[in-house]
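Let me begin by presenting the structure, written as structure tokens, before commenting on it.
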Amino acid sequence: GRNLVIAVDGPAASGKGTLARRLAAHYGLPYLDTGLLYRMVARAMLDAGQRLEDAQAAEATAAGFDETGFDEAVLRGREIGEAASVVAAIPGVRRALIDRQRQFAAAPGGAVLDGRDIGTVICPQATVKLFVTATPEVRAARRHKELAGRGDTASFEGILADIRRRDARDSGRGDAPLKAAEDAILLDTSALGVDEAFAAALSIVEKRR
Ligand code: C5P
């Protein structure tokens, strides 16, 4: 059959990563967590002692960094998520990361990508676009549980505040803000368990592929 490109967008801790990974496994497609690219840029800048707001340095970093050698646990930490959303608001950073993402999406057979702007900017021709949401409280509770499992003692209130701040920054930026593409299917996972959310996503994809 034709290529199957699945775009999965949504706010922080919406469950989009879990869904995207499972869809990729189900269809035997490669999976790209595009948030990691922004996290790598932020991490590389912090390592180099650069200010995250330095647009020129951020753009140069995004244009030339090597994706290997990062500690995944550090990349997925709270501080780097926050830092990533700062560099992700810089248009030159976004521009520098477009080709890597589109090349990945062009894999033979297709691919699954998750992020904030996959359906709107990176893969506007995706076969299926999912926009995964959940209330801030549900997302904070999930993140709280996940962090606690890794020994992080961050409070629920602190995590909820982080999530609200990140939502506001990601939705409010001028370039490629977080929003559902017009042809995206909304999937609210607030009341769904992981398996239920996956079953719902799968039936959406099956109807459209
Ligand atoms: O998805 P994740 O939480 O790892 O993303 C970290 C940050 O990277 C987001 O808050 C967002 O600012 C940015 N990002 C983005 N576009 C994407 C993926 C992530 O702007 N496609």
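The values are calculated or read from the model by the stated rules, or taken from the named source; none is laboratory data. Quantities reported herein were computed from a predicted structural model and do not represent experimental measurements. Using ideal geometry, Cβ is built from the backbone for each residue, glycine included, and neighbour counts are taken over all protein chains shown. Just the protein is used for accessible areas: all its heavy atoms, side chains included, with ligands, DNA and RNA removed. Shrake-Rupley method; radii C 1.70, N 1.55, O 1.52, S 1.80 Å.
From VAL74, VAL138, which residue is at pLDDT below 95, hydrophobic (A, V, I, L, M, F, W, C) and more than 10 Å from the ligand (Cβ to nearest atom)?
On the way: VAL138 fails: at pLDDT below 95.
Exactly one residue qualifies, and that residue is VAL74.
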Residue pairs within 6 Å by beta carbon, gap of at least six or interchain, first lying in the range 74-98 and under 15 Å from GLY115 (Cα atoms), second open to solvent by 10 Å² or more (accessible area, probe 1.4 Å) and among the small types (Gly, Ala, Ser), listed first then second, are ARG94/ALA176
Yes or no: ALA55 more than 14 Å from the ligand (Cβ to nearest atom) and either under 25 Å from ARG21 (Cβ atoms) or open to solvent by 30 Å² or more (accessible area, probe 1.4 Å) (or both)?
yes
Could you please tell me which pairs satisfy a Cβ distance under 7 Å, a separation of 6+ or placement on different chains, a first residue in the range 1-28 that is farther than 30 Å from ALA161 by Cβ and of a type outside the set (Gly, Ala, Ser), and a second residue that is open to solvent by less than 20 Å² (accessible area, probe 1.4 Å) and in a loop (DSSP other than H, G, I, E, B)?
VAL5/CYS123; VAL5/ALA126; ILE6/ALA126
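Listed here are the residues, each with its yes/no results for (1) touching a Leu at 6+ places or on another chain (Cβ under 6 Å); (2) of a type in the set (S, T, N, Q); (3) within 15 Å of the ligand (Cβ to nearest atom).
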site: GLY115; (1), (2), (3): no, no, yes
site: VAL121; (1), (2), (3): no, no, yes
site: GLN125; (1), (2), (3): no, yes, no
site: VAL132; (1), (2), (3): yes, no, yes
site: GLY151; (1), (2), (3): no, no, no
Taking the range 1-47 as the region of interest, how many residues are open to solvent by 10 Å² or more (accessible area, probe 1.4 Å) and farther than 26 Å from ALA140 by Cβ?
13
Report, by residue number, each residue of the range 9-38 that is assigned to a strand (DSSP E or B), near the ligand (Cβ under 10 Å from one of its atoms) and more than 8 Å from the chain's Cα centre (by Cα).
LEU32
When ALA176 is evaluated against the numbered criteria (1) of a type outside the set (Asp, Glu); (2) away from the ligand (no atom under 13 Å from the Cβ); (3) farther than 20 Å from LEU23 by Cα, which criterion, by number, is the only one it fails?
(2)
